[in-house]
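The values are calculated or read from the model by the stated rules, or taken from the named source; none is laboratory data. Since the model is a prediction, treat every value here as computed from it, not as a measurement. Note that each Cβ is placed from the backbone with ideal geometry, even for glycine, and that neighbours are counted across all protein chains shown. Side chains included, ligands, DNA and RNA excluded: accessible areas come from the protein's heavy atoms. Shrake-Rupley method; radii C 1.70, N 1.55, O 1.52, S 1.80 Å.
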Amino acid sequence: MKSPEDMEEVMETCVQRFVVANWKMHGSWQFCDVLLGCFSDFAFDPTVEIVIAPPAVYLARMKNAIAQSNMRIGLSAQNCTSADSIPVTGELSARMLKEVGAKYVLVGHSERRILHSESSKIVGMKANEALRSRLVPIICVGQNGRRIDKDALTKQCRESMPINSHDFIIAYEPVYAIGTGVVPSKDEIAEALSVVKAAVGDAVPVLYGGSVSPVNCSEILSVEGLGGVLVGGASLDPASFLRICEIANLPV
Ligand code: PGA
């Protein structure tokens, strides 16, 4: 499968870290403007890719605002369908999300796996469809409890990844850490990272997500080989998200 031109661009610019903001079902037109306003004086570093995943209805507005500024911010959708132009009421395809300004799309977030019964096979199909529409999939994986079951995590990664492509990103998000303030230790993140890398390939960027905050982010980013962070709750507080991006800008 051909790489999305955006992935080629990501690789060309030697991105070493990603900071992805997952707004989930939060935000408003006003919040889009406030958040982007906070970045007007930010010193963007070409090795750090800042990505915002607002609800899809705000993508076009944010795309316009970013295009009119010098901000180096990529946009991500939070979900897509596994096919295009099919009779499914209320869904959005990867092609449509690309058209309104997304460069990335989150697939397989645990909230969708749990609330919408999305299996890893469906997540893999969505990742394939994202690539077909030239979006870079950010594939979320992670176990429910604290213990890392190597075989289960390997299986989840392999089933969720696209076929014949390494142009994707993995976000390792243990479910117990999402929105709880409980964060795995550096050793636990490193252990998960090595299992995920063994399953998907060393070149695929692997991010950590789950209660990332300005307080713990520097320690999390010090895990060797980690490709960045996926931030939920803390990305809804502009000062906290800005601080996380500043910390990510510091040398590895
Ligand atoms: P959190 O969410 O940072 O609020 O834990 C992360 C996520 O669900 O992507």
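Give me a count of the residues in the range 105-133 that are open to solvent by less than 60 Å² (accessible area, probe 1.4 Å) and either touching a residue at least 40 places away in the same chain (Cβ under 8 Å) or of a type outside the set (Lys, Arg) (or both).
Of the residues in the range 105-133, 18 are open to solvent by less than 60 Å² (accessible area, probe 1.4 Å) and either touching a residue at least 40 places away in the same chain (Cβ under 8 Å) or of a type outside the set (Lys, Arg) (or both).
Regarding the range 206-217, can at least one residue be identified that is crowded, with 20+ Cβ neighbours inside 10 Å, among the polar types (S, T, N, Q) and in a helix (DSSP H, G or I)?
No: the range 206-217 contains no residue that is crowded, with 20+ Cβ neighbours inside 10 Å, among the polar types (S, T, N, Q) and in a helix (DSSP H, G or I).
Condition test on VAL48, is it under 18 Å from the mean Cα position of the chain (by Cα) and either open to solvent by 40 Å² or more (accessible area, probe 1.4 Å) or closer than 25 Å to VAL107 by Cβ (or both)?
Here the answer is yes, as VAL48 does meet what is asked.
Restricting to the range 74-89, count the residues that are modelled with pLDDT of 95 or more and over 13 Å from the mean Cα position of the chain (by Cα).
4
Hey, can you tell me all the residues within the range 149-184 that are within 16 Å of the ligand (Cβ to nearest atom) and assigned to a loop (DSSP other than H, G, I, E, B)?
GLU173, PRO174, ILE178, GLY179, THR180, GLY181, VAL182, VAL183, PRO184
Out of the residues in the range 225-240 that are closer than 19 Å to ILE170 by Cα and more than 8 Å from the ligand (Cβ to nearest atom), which is surrounded by the fewest Cβ atoms within 10 Å (Cβ to Cβ)?
Once the filter is applied, the top-ranked residue is GLY225.
Kindly indicate whether GLY181 is open to solvent by 50 Å² or more (accessible area, probe 1.4 Å) and at positive phi.
Taking the combined requirement at face value, the residue satisfies it.
MET25 passes all but one of (1) open to solvent by less than 20 Å² (accessible area, probe 1.4 Å); (2) closer than 19 Å to ILE138 by Cβ; (3) at pLDDT 95 or above; which number fails?
Looking at each condition in turn, MET25 falls short on (1).
Of all residues in the range 134-144, how many are within 16 Å of the ligand (Cβ to nearest atom) and either open to solvent by 30 Å² or more (accessible area, probe 1.4 Å) or not small (Gly, Ala, Ser) (or both)?
Number of matching residues: 7.
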